[in-house]
Amino acid sequence: MDGEVGFANVLDRCLAVREGEQVVLLTDEGTDPAVVAGLVAGIEHRRGVPVVSTMPVPALPGAEPPDDVAAQMRGAGAVIELTSLFIGSSAARRAATAIGVRYLAMPGVRLETFRDDGPLTVDFDRIRGDAERIGDAWGAASRFRLTTPGGTDLRGSVEGRPGRVLHGLAREDGAYMAPPDIEAGTAPVESSSSGVVVVDADLLFMGEGPLPSPVVLHIAGGSMVGVEGDEAGRLEEMLARCDDDRMSNLAEVSMAFNPSGRVCGVAMETESALGTAHVALGNSIAYGGTVDAIAHLDCVMNDATLELDGRPVMAAGVLV
């Protein structure tokens, strides 16, 4: 059956479901029921205990779940996030993983994401090494420059900031991962970055992707000071909903590593696709920064090149 390998890879390689443990599946009205059914069957087959927890659609990326759902998360052995919007940066998630809960953030995935030869069938263990190499490079660097053929040219300081790696494997107690996403990045030092970001892949969870035309972000003093493009209203509307001045903060710069990912209508797959990079606005707490804004908004671009301390380390998905 198409998708069988993907479900098995998530449950065995990424999460390593344990016999007898409760695995909470966080869902809302936008969750693909076929994904829920496949995971429930797979967890039961592995003698785990699936618990489907349905909550309202999150108001914003990074929003807090209801208190009863947060309590279920803390009481589980593992959690798989399948909500329409990303909530993995929430305080509820951080509290759960802090006490040992294993967590997979997979918001918005569809049955198609589990397709044979798709981004959830890759050898996460093998690709992990590449991501960790770039993560180490981030942690050792003082300055970064991100460029793309589309016009991105962004520079700033990462002095003292640790590299942050998401490799998809949450087998250890308290691990947090986001398959199919495999990435390495960090939060630039606040107020240090400037330049232009040309978002030509997608504004994640801000309307249906991919983008039909680019959105251009202007960055100065570590904050977005302007945005333009025919699709700029997607970002402007989300920022208005957030109603938080801290959302202009440049919160993250990361490179992606999944060779089977593609820029498509599923945000997590777009973010995972080898050759893309993404920057984020808003909350940087989970990424090594200090800004505790209300949300975290990812913006993805194609064919990115990363230079650290003046040396290219990755170009269009190729390690240099």
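The values are calculated or read from the model by the stated rules, or taken from the named source; none is laboratory data. Bear in mind the structure is a predicted one, so any value in this text is a computation, not a measurement. Here the Cβ positions follow ideal geometry from the backbone for every residue, glycine too, while neighbour counts run over all protein chains shown. When the accessible area is computed, the model is the full protein with side chains, heavy atoms only, and any ligands, DNA or RNA have been set aside. Shrake-Rupley method; radii C 1.70, N 1.55, O 1.52, S 1.80 Å.
Filtering Ala170, Ala184, Ala178 for residues that are in contact with a helix residue (DSSP H, G or I) (Cβ under 8 Å, 6 or more places away or on another chain), surrounded by 18 or more Cβ atoms within 10 Å (Cβ to Cβ) and within 16 Å of Pro61 (Cα to Cα) leaves a single hit, Ala178. Among the residues of the stretch 32-44, those identified as touching a strand residue (DSSP E or B) at 6+ places or on another chain (Cβ under 8 Å) and either in a loop (DSSP other than H, G, I, E, B) or within 26 Å of Phe205 (Cα to Cα) (or both) are Val36, Leu39, Val40.
Among the residues of the stretch 48-63, just one is surrounded by fewer than 21 Cβ atoms within 10 Å (Cβ to Cβ) and either touching a Lys or Arg at 6+ places or on another chain (Cβ under 9 Å) or among the aromatic types (Phe, Trp, Tyr) (or both), namely Ala59. Of all the numbered requirements in (1) open to solvent by 20 Å² or more (accessible area, probe 1.4 Å); (2) modelled with pLDDT of 95 or more, Met255 misses one, and that requirement is (1).
If the condition is being touching a helix residue (DSSP H, G or I) at 6+ places or on another chain (Cβ under 8 Å) and part of a strand (DSSP E or B), then the stretch 191-208 contributes Asp202, Leu203. Exactly one residue among Val279, Val215, Val291 is open to solvent by less than 20 Å² (accessible area, probe 1.4 Å), β-branched (Val, Ile, Thr), in contact with an Asp or Glu (Cβ under 8 Å, 6 or more places away or on another chain) and closer than 21 Å to Ser90 by Cβ, and that residue is Val279. Taking the stretch 1-27 as the range and being open to solvent by 10 Å² or more (accessible area, probe 1.4 Å) and either part of a loop (DSSP other than H, G, I, E, B) or touching a His at 6+ places or on another chain (Cβ under 6 Å) (or both) as the test, the residues that pass are Met1, Asp2, Ala16, Val17, Arg18, Glu19, Gly20, Glu21.
Scan the stretch 259-274 and give yes if some residue there is more than 16 Å from Thr152 (Cβ to Cβ), among the basic types (Lys, Arg) and without any contact (Cβ under 8 Å) to a residue 40 or more places away in the chain, otherwise no. Within the stretch 259-274 (the criterion being more than 16 Å from Thr152 (Cβ to Cβ), among the basic types (Lys, Arg) and without any contact (Cβ under 8 Å) to a residue 40 or more places away in the chain), the answer is no, since none of the residues qualifies. Does Val79 fit the bill of being within 18 Å of the chain's Cα centre (by Cα), under 21 Å from Leu15 (Cβ atoms) and open to solvent by 30 Å² or more (accessible area, probe 1.4 Å)? In short, no. Selection of first residues in the stretch 9-28 that are over 14 Å from Arg46 (Cα atoms) and of second residues that are part of a loop (DSSP other than H, G, I, E, B) and open to solvent by 20 Å² or more (accessible area, probe 1.4 Å), restricted to Cβ pairs under 7 Å at least 6 apart or on distinct chains, gives the following pairs, ordered by first then second residue: Asp28/Pro56; Asp28/Val57; Asp28/Ser84. Residues in the stretch 294-320 that are within 21 Å of the chain's Cα centre (by Cα), part of a loop (DSSP other than H, G, I, E, B) and modelled with pLDDT of 95 or more: 3 in all.
Per the conditions (1) touching a helix residue (DSSP H, G or I) at 6+ places or on another chain (Cβ under 9 Å); (2) within 18 Å of Asp298 (Cα to Cα); (3) in a strand (DSSP E or B), the sole criterion not satisfied by Leu154 is (1). Take the residues in the stretch 225-242 that are in contact with a His (Cβ under 9 Å, 6 or more places away or on another chain) and open to solvent by 40 Å² or more (accessible area, probe 1.4 Å); name whichever of them is farthest from Ser194 (Cα to Cα). So, considering only residues that are in contact with a His (Cβ under 9 Å, 6 or more places away or on another chain) and open to solvent by 40 Å² or more (accessible area, probe 1.4 Å), the one farthest from Ser194 (Cα to Cα) is Glu228. Would you call Asp12 farther than 30 Å from Ala251 by Cβ and either basic (Lys, Arg) or at pLDDT below 95 (or both)? For Asp12, the condition - farther than 30 Å from Ala251 by Cβ and either basic (Lys, Arg) or at pLDDT below 95 (or both) - is not met. Val300 meets all of the listed conditions (1) buried (at least 22 other Cβ atoms within 10 Å of the Cβ); (2) closer than 23 Å to Ala137 by Cβ; (3) free of Cβ contacts under 8 Å to residues at least 60 places away in the same chain but one, namely (3).
Conditions (1) buried (at least 16 other Cβ atoms within 10 Å of the Cβ); (2) modelled with pLDDT of 95 or more; (3) in contact with a Pro (Cβ under 7 Å, 6 or more places away or on another chain), marked per residue:
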| residue | (1), (2), (3) |
| --- | --- |
| Thr97 | yes, yes, no |
| Val101 | yes, yes, no |
| Leu104 | yes, yes, yes |
| Arg110 | yes, yes, no |
| Gly118 | yes, yes, no |
| Asp123 | no, yes, no |
| Arg126 | no, yes, no |
| Gly129 | no, yes, no |
